[in-house]
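Shown next, in C-alpha coordinates, is the structure this report addresses.
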Amino acid sequence: MAMPDRMDERLRALGLVEAQRKAEALFAEVTRRGLVAAGSSEYEATDRIGDLARELLGTRVRWPGRMVRSGPHTVLPCADEPPADRVVEAGDTAAVRLGPLLAGQGTDFARTLVLGDDPARLRLREDLAGIFAAGREAFHADRRITGRQLYEELRALAGKAGWTLGGWHAGHMAGETPAAGPMCARAEAHIGPDNDEPLRRTTPDGWQAHWLLEVHLVDEHAGFGGTHKALLDLF
(Lines give C-alpha, C1' and ligand atoms only; values in the text may rest on other atoms or scores of the structure.)
Protein backbone atom coordinates (compact mmCIF):
# COMPACT_ATOMS: atom_id res chain seq x y z
CA MET A 1 0.00 0.00 0.00
CA ALA A 2 1.33 3.44 -0.97
CA MET A 3 2.08 5.82 1.87
CA PRO A 4 -0.11 8.95 1.97
CA ASP A 5 1.44 12.12 0.58
CA ARG A 6 0.84 15.73 1.62
CA MET A 7 -2.23 16.09 -0.60
CA ASP A 8 -3.74 12.89 0.85
CA GLU A 9 -3.22 14.28 4.35
CA ARG A 10 -4.76 17.62 3.47
CA LEU A 11 -7.82 16.05 1.86
CA ARG A 12 -8.36 13.79 4.87
CA ALA A 13 -8.08 16.69 7.31
CA LEU A 14 -10.47 18.81 5.24
CA GLY A 15 -12.96 15.93 5.20
CA LEU A 16 -12.85 15.59 8.99
CA VAL A 17 -13.33 19.33 9.48
CA GLU A 18 -16.20 19.49 7.00
CA ALA A 19 -17.93 16.54 8.70
CA GLN A 20 -17.74 18.32 12.05
CA ARG A 21 -19.14 21.53 10.59
CA LYS A 22 -22.07 19.56 9.20
CA ALA A 23 -22.64 17.98 12.62
CA GLU A 24 -22.53 21.38 14.33
CA ALA A 25 -25.11 22.76 11.91
CA LEU A 26 -27.30 19.70 12.33
CA PHE A 27 -27.17 19.93 16.13
CA ALA A 28 -28.09 23.61 15.98
CA GLU A 29 -31.15 22.72 13.92
CA VAL A 30 -32.06 19.84 16.27
CA THR A 31 -32.00 22.37 19.10
CA ARG A 32 -33.95 25.02 17.17
CA ARG A 33 -36.71 22.58 16.21
CA GLY A 34 -36.92 21.02 19.68
CA LEU A 35 -36.55 17.48 18.37
CA VAL A 36 -35.50 16.21 21.80
CA ALA A 37 -38.45 17.02 24.02
CA ALA A 38 -40.12 15.81 27.19
CA GLY A 39 -42.74 13.17 26.47
CA SER A 40 -40.89 11.60 23.54
CA SER A 41 -38.80 8.48 23.84
CA GLU A 42 -35.10 8.36 23.06
CA TYR A 43 -35.74 6.26 19.96
CA GLU A 44 -38.45 8.64 18.75
CA ALA A 45 -36.02 11.54 19.10
CA THR A 46 -33.36 9.49 17.29
CA ASP A 47 -35.75 8.89 14.39
CA ARG A 48 -36.55 12.61 14.17
CA ILE A 49 -32.86 13.46 14.03
CA GLY A 50 -32.31 10.86 11.33
CA ASP A 51 -35.17 12.36 9.28
CA LEU A 52 -33.66 15.83 9.70
CA ALA A 53 -30.26 14.57 8.55
CA ARG A 54 -31.84 13.16 5.40
CA GLU A 55 -33.62 16.49 4.83
CA LEU A 56 -30.59 18.73 5.37
CA LEU A 57 -27.62 16.56 4.45
CA GLY A 58 -29.02 13.77 2.28
CA THR A 59 -27.76 11.24 4.84
CA ARG A 60 -29.16 7.74 4.24
CA VAL A 61 -27.65 5.98 7.24
CA ARG A 62 -30.12 3.86 9.23
CA TRP A 63 -28.71 3.61 12.75
CA PRO A 64 -30.02 0.61 14.74
CA GLY A 65 -29.15 2.14 18.11
CA ARG A 66 -30.05 5.42 19.74
CA MET A 67 -28.44 8.82 19.18
CA VAL A 68 -30.16 10.30 22.23
CA ARG A 69 -29.70 9.38 25.88
CA SER A 70 -31.56 11.09 28.68
CA GLY A 71 -31.69 11.21 32.48
CA PRO A 72 -29.84 8.30 34.14
CA HIS A 73 -28.84 6.93 30.72
CA THR A 74 -26.44 9.89 30.37
CA VAL A 75 -24.31 8.43 33.18
CA LEU A 76 -23.39 5.36 31.11
CA PRO A 77 -20.23 5.36 28.96
CA CYS A 78 -20.83 5.60 25.23
CA ALA A 79 -20.04 1.92 24.65
CA ASP A 80 -22.64 0.78 27.22
CA GLU A 81 -26.00 0.63 25.50
CA PRO A 82 -28.90 1.24 27.90
CA PRO A 83 -31.08 -1.87 28.27
CA ALA A 84 -34.37 -0.23 27.28
CA ASP A 85 -35.87 2.83 25.64
CA ARG A 86 -36.74 5.72 27.96
CA VAL A 87 -39.22 8.59 27.78
CA VAL A 88 -37.46 11.93 28.10
CA GLU A 89 -38.67 13.87 31.13
CA ALA A 90 -38.89 17.58 31.86
CA GLY A 91 -35.72 18.68 33.64
CA ASP A 92 -33.52 15.97 32.09
CA THR A 93 -30.14 16.32 30.54
CA ALA A 94 -30.02 14.69 27.12
CA ALA A 95 -26.81 13.72 25.34
CA VAL A 96 -27.09 13.80 21.54
CA ARG A 97 -24.48 11.85 19.57
CA LEU A 98 -24.41 12.48 15.83
CA GLY A 99 -21.46 10.26 14.95
CA PRO A 100 -23.65 7.53 13.41
CA LEU A 101 -24.78 10.06 10.79
CA LEU A 102 -21.13 10.69 9.89
CA ALA A 103 -20.50 7.04 9.03
CA GLY A 104 -17.55 6.56 6.72
CA GLN A 105 -16.04 9.94 7.58
CA GLY A 106 -14.00 8.71 10.55
CA THR A 107 -15.27 11.21 13.08
CA ASP A 108 -17.85 11.71 15.83
CA PHE A 109 -19.72 14.53 17.54
CA ALA A 110 -21.78 14.87 20.73
CA ARG A 111 -23.40 17.67 22.68
CA THR A 112 -25.69 17.91 25.71
CA LEU A 113 -29.09 19.57 26.04
CA VAL A 114 -30.75 20.66 29.27
CA LEU A 115 -34.55 20.41 29.23
CA GLY A 116 -35.34 22.83 32.02
CA ASP A 117 -33.69 25.39 34.24
CA ASP A 118 -32.13 23.28 36.99
CA PRO A 119 -28.96 25.16 38.05
CA ALA A 120 -26.85 22.02 38.50
CA ARG A 121 -27.68 20.72 35.03
CA LEU A 122 -27.13 24.12 33.43
CA ARG A 123 -23.75 24.27 35.16
CA LEU A 124 -22.95 20.81 33.78
CA ARG A 125 -23.59 22.02 30.25
CA GLU A 126 -21.32 25.01 30.76
CA ASP A 127 -18.59 22.92 32.40
CA LEU A 128 -18.65 20.41 29.54
CA ALA A 129 -17.76 23.13 27.06
CA GLY A 130 -15.29 24.77 29.43
CA ILE A 131 -13.39 21.59 30.28
CA PHE A 132 -13.33 20.58 26.61
CA ALA A 133 -11.78 23.98 25.76
CA ALA A 134 -9.26 23.62 28.59
CA GLY A 135 -8.31 20.15 27.34
CA ARG A 136 -7.76 21.50 23.84
CA GLU A 137 -5.61 24.30 25.28
CA ALA A 138 -3.51 21.74 27.17
CA PHE A 139 -3.03 19.78 23.95
CA HIS A 140 -1.88 22.83 21.99
CA ALA A 141 0.41 23.99 24.82
CA ASP A 142 2.50 20.79 24.89
CA ARG A 143 3.82 19.35 21.64
CA ARG A 144 4.78 16.09 23.38
CA ILE A 145 1.63 15.54 25.46
CA THR A 146 0.65 11.89 25.79
CA GLY A 147 -2.76 10.28 25.97
CA ARG A 148 -2.26 9.60 29.66
CA GLN A 149 -1.21 13.18 30.44
CA LEU A 150 -4.21 14.69 28.69
CA TYR A 151 -6.55 12.20 30.35
CA GLU A 152 -5.16 13.06 33.79
CA GLU A 153 -5.51 16.78 33.04
CA LEU A 154 -9.18 16.30 32.16
CA ARG A 155 -9.83 14.14 35.20
CA ALA A 156 -8.32 16.81 37.44
CA LEU A 157 -10.38 19.56 35.80
CA ALA A 158 -13.56 17.50 36.21
CA GLY A 159 -12.85 16.85 39.88
CA LYS A 160 -12.07 20.50 40.56
CA ALA A 161 -15.43 21.44 39.06
CA GLY A 162 -17.23 18.85 41.21
CA TRP A 163 -17.83 16.16 38.59
CA THR A 164 -16.56 12.67 37.84
CA LEU A 165 -14.96 12.01 34.46
CA GLY A 166 -17.06 9.16 33.10
CA GLY A 167 -15.87 6.10 31.22
CA TRP A 168 -12.36 4.70 30.97
CA HIS A 169 -11.06 7.09 28.30
CA ALA A 170 -11.55 10.69 27.15
CA GLY A 171 -11.48 10.22 23.41
CA HIS A 172 -9.84 8.26 20.63
CA MET A 173 -8.07 8.49 17.32
CA ALA A 174 -10.19 9.69 14.41
CA GLY A 175 -11.14 6.72 12.28
CA GLU A 176 -10.83 4.35 15.24
CA THR A 177 -13.99 2.50 16.23
CA PRO A 178 -14.22 2.88 20.03
CA ALA A 179 -13.79 -0.49 21.69
CA ALA A 180 -16.36 -1.85 24.09
CA GLY A 181 -14.01 -1.66 27.04
CA PRO A 182 -10.40 -1.38 28.13
CA MET A 183 -9.73 -5.11 27.91
CA CYS A 184 -10.25 -5.11 24.14
CA ALA A 185 -8.98 -1.59 23.41
CA ARG A 186 -5.77 -0.52 21.77
CA ALA A 187 -4.48 1.77 24.49
CA GLU A 188 -2.38 3.79 22.06
CA ALA A 189 -5.52 4.70 20.08
CA HIS A 190 -7.26 6.26 23.09
CA ILE A 191 -6.83 9.30 25.32
CA GLY A 192 -6.59 7.23 28.45
CA PRO A 193 -4.50 6.25 31.44
CA ASP A 194 -2.59 3.51 29.60
CA ASN A 195 -1.45 5.56 26.61
CA ASP A 196 2.06 6.91 27.18
CA GLU A 197 2.63 7.70 23.52
CA PRO A 198 2.61 11.30 22.25
CA LEU A 199 -0.70 12.18 20.62
CA ARG A 200 1.15 13.98 17.82
CA ARG A 201 2.57 11.11 15.84
CA THR A 202 2.36 9.17 12.60
CA THR A 203 0.37 5.95 12.50
CA PRO A 204 2.00 2.69 11.31
CA ASP A 205 0.34 3.11 7.90
CA GLY A 206 1.84 6.57 7.47
CA TRP A 207 -1.03 8.92 8.35
CA GLN A 208 -0.84 11.82 10.76
CA ALA A 209 -2.86 10.90 13.85
CA HIS A 210 -5.94 13.06 14.41
CA TRP A 211 -7.95 12.87 17.62
CA LEU A 212 -11.48 13.17 18.98
CA LEU A 213 -11.71 14.57 22.50
CA GLU A 214 -14.64 13.25 24.55
CA VAL A 215 -15.52 14.92 27.84
CA HIS A 216 -18.09 12.85 29.73
CA LEU A 217 -19.02 14.42 33.07
CA VAL A 218 -21.16 12.65 35.63
CA ASP A 219 -22.89 13.45 38.91
CA GLU A 220 -23.00 9.92 40.29
CA HIS A 221 -25.15 10.82 43.30
CA ALA A 222 -27.81 12.76 41.40
CA GLY A 223 -27.75 10.29 38.51
CA PHE A 224 -27.19 12.51 35.50
CA GLY A 225 -24.37 13.42 33.16
CA GLY A 226 -23.49 14.82 29.78
CA THR A 227 -21.04 14.54 26.90
CA HIS A 228 -19.13 16.98 24.72
CA LYS A 229 -17.19 15.37 21.87
CA ALA A 230 -15.47 16.82 18.81
CA LEU A 231 -12.20 17.00 16.92
CA LEU A 232 -9.27 17.90 19.15
CA ASP A 233 -6.35 18.83 16.93
CA LEU A 234 -7.80 20.35 13.74
CA PHE A 235 -9.31 23.44 15.38
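Brief remarks follow.
- Applying the set (1) free of Cβ contacts under 8 Å to residues at least 60 places away in the same chain; (2) part of a helix (DSSP H, G or I) to residue 128 leaves exactly one unmet item: (1).
- Residue-level check: of (1) more than 24 Å from residue 85 (Cα to Cα); (2) surrounded by fewer than 18 Cβ atoms within 10 Å (Cβ to Cβ), residue 39 misses just (1).
- The set of residues in the stretch 96-128 being closer than 26 Å to residue 15 by Cα, surrounded by 15 or more Cβ atoms within 10 Å (Cβ to Cβ) and hydrophobic (A, V, I, L, M, F, W, C) consists of 96, 98, 101, 102, 109, 110, 128.
- If you check 92, 51, 80 for being without any contact (Cβ under 8 Å) to a residue 40 or more places away in the chain, closer than 25 Å to residue 213 by Cβ and of a type in the set (Asp, Glu), only one passes: 80.
- Evaluating residue 21 against the criteria (1) part of a helix (DSSP H, G or I); (2) open to solvent by less than 10 Å² (accessible area, probe 1.4 Å) leaves one unmet condition, (2).
The values are calculated or read from the model by the stated rules, or taken from the named source; none is laboratory data. Everything numeric in this text was worked out from a predicted model, so none of it was measured. Positions of Cβ are backbone-derived with ideal geometry, glycine not excepted, and every protein chain shown enters the neighbour counts. Remember, those area values only see protein heavy atoms, side chains included, never the ligands or the DNA or RNA. Shrake-Rupley method; radii C 1.70, N 1.55, O 1.52, S 1.80 Å.
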